[in-house]
Amino acid sequence: MAPAAVFVWLAAAGGRAYVSAQGARQGEPILPLPEKAIDVEPAKVALGERLFADKRFSADGSVSCQSCHLPNAGGADPRRHSVSAFGKIRPVNSPTIYNVRYNTMGLNWTGRTGDLDAQIKGSIGNADTMAHDWAKVVQVLAADPAMVAQFRAAYGGDNPVTQENASHAIVSFEKSLVTPSRFDDWLQGKDDAITAQEKVGYDKFKAYGCVACHSGINVGGNSFMKMGLIGDYFGDREKKGRGAIVDADRAGCP
Ligand code: HEC
Ligand code: HEC
């Protein structure tokens, strides 16, 4: 983005006051991750982590949640397009699941999904994701003694393998994926938590207007934005020759 096309984040935010977390630096457009203890239980998180990596959640056994939300790739998909069950190529790739509990505008690029529980149901049932159904997943998990034991350790009861418990475990895992950093410490008021160079970068980030969209706890994801606020995003890509590659990719999409 050309630095010439800057605008001040406060103006862009319509003068809206940012809610300050306790102890945070006042007036910063980016807020620290809340410091409160994470409200999840370890046994449920561990079960959720295991389910997240379980390919039996997809109809053809080819993908788990983790296939498209890679822990070592920022919780997102480093590929341009995520690849679903039966090798179907998605028109988009996955957003990160890190700090996803702090998203405020609904889930997915469209914001169409309200909560993490509904998101899981959607992922499993969607023909373009896992193409499966919850009842069958539960049936398979309930027939696996190791799984039953882990469900029992987390939830107790004679019949612990249920959709409700499985979904709750995955949501618990997702809620545990919070990534406090030195920058959060700085936002909490610890002056030497970031280097002088990093501080200059953050000042530029504000001065160039990046914070008009990249603000709040999740440094973004709290507004819907037209792609190409300043130029013709898709048109410019065509002109630079990149569009041809993108279109070729899209042509292969369902
Ligand atoms: C085939 C790849 C794929 C698989 C498998 C998959 N996802 Fe996703 N996930 C995506 C894509 C792509 C999106 C964005 C969809 C959209 O906007 O249309 C997404 C969106 C999400 C989001 C919303 C994130 C945000 O910031 O809005 C969450 C949470 C999520 N997935 C969790 C899961 C869970 C849990 C599973 C397993 C039950 C799963 N995903 C399986 C590709 C996948
Ligand atoms: C008009 C709103 C807007 C402004 C201003 C803006 N961005 Fe973004 N940015 C977005 C959106 C929307 C996305 C996600 C779309 C995508 O990844 O294609 C994004 C994605 C990104 C990503 C990729 C994040 C990821 O998780 O992959 C980076 C890095 C980024 N922006 C940096 C910047 C910087 C640096 C500036 C200032 C020079 C800036 N942005 C200004 C809206 C904006």
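The values are calculated or read from the model by the stated rules, or taken from the named source; none is laboratory data. Quick caveat: nothing in here was measured; it's all calculated off a predicted structure. Positions of Cβ are generated from backbone atoms using ideal geometry, with glycine treated the same way; all protein chains shown enter the neighbour counts. The protein model used for the area step is the full one, side chains on, heavy atoms only, and it has no ligands, DNA or RNA in it. Shrake-Rupley method; radii C 1.70, N 1.55, O 1.52, S 1.80 Å.
Below are the figures for this structure:
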quantity	calculated
For peptides 191-199, 29-37, sequence by mean Cβ density within 10 Å, most packed first	29-37, 191-199
Cα-based convex hull, region 102-162, per residue volume (Å³, whole number)	107 Å³
Ratio Rg/Rh [Cα only; Rh per Kirkwood] for region 42-176	0.95
Length added when fully stretched, Val148-Ala53, from 0.36 nm per residue minus Cα-Cα	32.6 nm
Gain in span if fully extended, Asn222 to Asp158, counting 0.36 nm per residue against the direct Cα distance	18.8 nm
Cross-link pairs beyond the 18 Å C-alpha cut-off, checked among Lys55/Lys136; Lys55/Lys121; Lys55/Lys88; Lys175/Lys206; Lys44/Lys175	Lys175/Lys206
For region 155-200, accessible area per residue (1.4 Å probe, heavy atoms of protein chains only), Å²	54 Å²
Amide H contacts under 5 Å for Thr113, placed H, 5+ residues apart	Leu107
Carbon/sulfur fraction of accessible area - region 76-153, other protein chains in place, 1.4 Å, %	60 percent
J(HN,Hα) series, region 136-148, from Karplus relation 6.51 cos²θ - 1.76 cosθ + 1.60, nearest Hz, glycine and proline x	5, 4, 4, 4, 5, 5, 5, 8, 10, x, 5, 5, 4
Theoretical gain in end-to-end length, Tyr233 to Asp191 [0.36 nm per residue, Cα-Cα removed]	11.3 nm
HN-Hα J in Hz across region 153-158 - Karplus 6.51, -1.76, 1.60, θ = phi - 60°, x for Gly and Pro	4, 7, 10, x, x, 6
Backbone HN-Hα couplings from phi across region 170-187 [Karplus 6.51/-1.76/1.60, Hz, Gly and Pro as x]	5, 4, 4, 4, 4, 5, 7, 7, 10, 10, x, 9, 4, 5, 4, 4, 4, 5
Inter-site label distance for Asp60 and Ala73 at 7 Å from Cα along Cβ, in nm	1.8 nm
